[in-house]
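Here, each number is a calculation from the coordinates, and none is a lab measurement. Quick caveat: nothing in here was measured; it's all calculated off a predicted structure. Here the Cβ is made from the backbone with ideal geometry for all residues, glycine too, and neighbour counts use every protein chain on show.
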Amino acid sequence: METVYVKREIETLLIKHLKSFSVVAVSGARQTGKTTLLRHLLKKTHDFISLDDLNKRNHAVKDPKGFVDNLKEHTVIDEIQYAPEILSYIKLRVDNNRLPRGNFVLTGSQQFLMMKGLSETLAGRVGILNLHPFSVREIEKEPINTTNVFKKFILRSSYPEPLVSKDVEIQYWYDNYTNAYIEKDVRLLYNIGDAAAFTLFLKLLALRMAQPLNMSTLAVETGVSVPTIKSWLSIMEAGNLIFLLNPYHRNIKKRLVKNKKVYFYDTALAFRLCGLSSNEQLFSSVMLGQLFENFCISEARKAIVNTGAEAQMYYIRTNLGLEVDLAVEKKGKFSLYEIKATKSVSESFGGNILEAEKSIIPVGICDKCAVVTMNDESGFIPGGVEYFGIGKFIDSIV
């Protein structure tokens, strides 16, 4: 049966980049659909070469100039991180003919190695995009049911293959995905040392999602040094598995903690790394609140990345105990959000937001205060704080 292509939100941004840059780089974790996206959009205009093919990879590594000289004028090169040697020759070829736009499209699943090579050789010539797993708006029709899509993204996946292919055994898929990530990406491209300790680190990190990170504690529990923990976090960020949320600290640095929070782009991966697998475990777990917060904030992040919105995300937590899950700064204005894994709405939900609006955010620049719940009804609680589900939340972000 022919697989149905799912339109990606990032397509509009990708087309703009193809019209603006000679080289476009599309990064993202394994299995997010980079090749599928590019084959769908560029199958009539570009040749495709994958460096997963060992023969082509050996050619690119051993004779990078010859490899690039033989490329057609419009070419997609998949998994560029395996042959960074060719980047300088792509630069020379582009510099010799700067008129064609979208001349070369590069993909890779390890952002750090890609970006290092790109920044050194293609600065000013390359437009960079990140493709993440499916977003809610890519797979759900309006009106979006928050609880249903949350369960779908937890119990199935937000990665294309396990989400779309119903015959995929989810636990096996995630076991293989994690093993491939560790063996093919981490061990092949980085010197991580003890793979067993790294696997433990992944699980401990999942248990701490949506929580301020204490790297010293993580180091003790995994038996490695704090610099190693920092390195491993960078590796996971580079692989587009996680992102870190900074605390908001403008004008109040001494009052705020400095620990970043960690979130997984795919909440189902975090769910399974926590040792959970069923609907019953999901809704009875002490992790439910963290999982729902991870789901909502990862969707906010995807929306910003996919649309190219000029917005920054933070969380708020002071030493006096005031916490707000998400603060989004866009065009000089702030939106504050609390995230609650419940269908019931309490007047108390708005307390922290209103206090942060009054004492943390500069006067006059907060234009939205809202609570995101599992209930898709919308309305207001005292103080002018809105409440709504995931659909209206995402719309409010971008």
Taking 0.36 nm per residue of separation and subtracting the Cα-Cα distance, what length does fully extending E169 through V4 add? 57.4 nm
Provide the FRET efficiency to the nearest 0.05 for the D69-K151 pair, computing r from the beta carbons and using R0 = 41 Å. 0.20
Any idea what the dipole of the chain comes to, in debye rounded to 20, about its Cα centre with Lys/Arg Cβ at +1 and Asp/Glu Cβ at -1? 1000
Between N259 and K19, what is the label-point separation in nm under the 7 Å Cα-to-beta-carbon projection? 4.7
When DSSP assigns beta bridges and you keep just the ones with both residues in the chain, what percent turn out antiparallel, to the nearest 5? 40
Compare the Cα positions of S277, M236, C296 along the charge dipole of the chain (+1 at Cβ of Lys, Arg; -1 at Cβ of Asp, Glu; about the Cα centre) and return the one farthest towards the positive end. M236
Computed label-point distance, nm, for sites R187 and K331 using a 7 Å Cα→Cβ extension: 5.0
What nm distance separates the two modelled labels at S216 and H249, each placed 7 Å from Cα along Cα→Cβ? 1.6
I want to make sure I understand the PRE zone here: with the label point 7 angstrom from the Cα of E347 toward its beta carbon, which residues in segment 353-368 have backbone N atoms less than 13 Å away? none
Using a Förster distance of 25 Å, how high is the FRET efficiency between E310 and D52, based on the Cβ-Cβ distance and rounded to 0.05? 0.10
Helix 146-155 versus the longest principal axis of the chain: what angle, 0 to 90°, nearest 10, using Cα atoms? 50
Which parts of segment 194-221 would a label at K230 reach, counting a residue when its backbone N lies under 16 Å from a point 7 Å out along Cα-to-Cβ? 213-220
Sum of side-chain charges, Y337 neighbourhood, beta-carbon under 15 Å (Lys, Arg +1; Asp, Glu -1): -3
Selected from S50, V168, G364, residue furthest toward positive end of dipole (the chain; charges at beta carbon): G364
Point-charge dipole on Cβ atoms (K/R +1, D/E -1) for segment 136-295, about Cα centre, debye to 20: 940
For S359 and R98, what is the calculated FRET efficiency with R₀ set at 41 Å and r taken between the beta-carbons, to the nearest 0.05? 0.20
For the table K258/K302; K16/K166; K16/K258; K258/K331; K91/K184; K72/K331, the rows whose alpha-carbon distance is greater than 30 Å are K16/K166; K16/K258; K72/K331
The chain: angle of helix 226-238 to the longest principal axis, Cα-based, in degrees nearest 10: 70
If I take every Cα pair under 8 Å that is 6 or more residues apart in the chain, average their sequence separation and divide by the length, what percent do I get for the relative contact order? 15
Around N214: net Lys/Arg minus Asp/Glu count, Cβ-Cβ under 12 Å: +3
Just checking my list [x] 37, 27, 18; [y] 37, 24, 22; [z] 38, 33, 17 against semi-axes √(5λ) of the Cα gyration tensor in Å computed from this structure; which label fits? [y]
Figure the gain on full extension for E161 and E323 (residue separation times 0.36 nm, minus the Cα-Cα span) and round it to one decimal in nm. 54.6 nm
With a 27 Å threshold on alpha-carbon distance, the violating pairs from K141/K358; K261/K368; K261/K343; K44/K152; K43/K65 are K141/K358; K44/K152
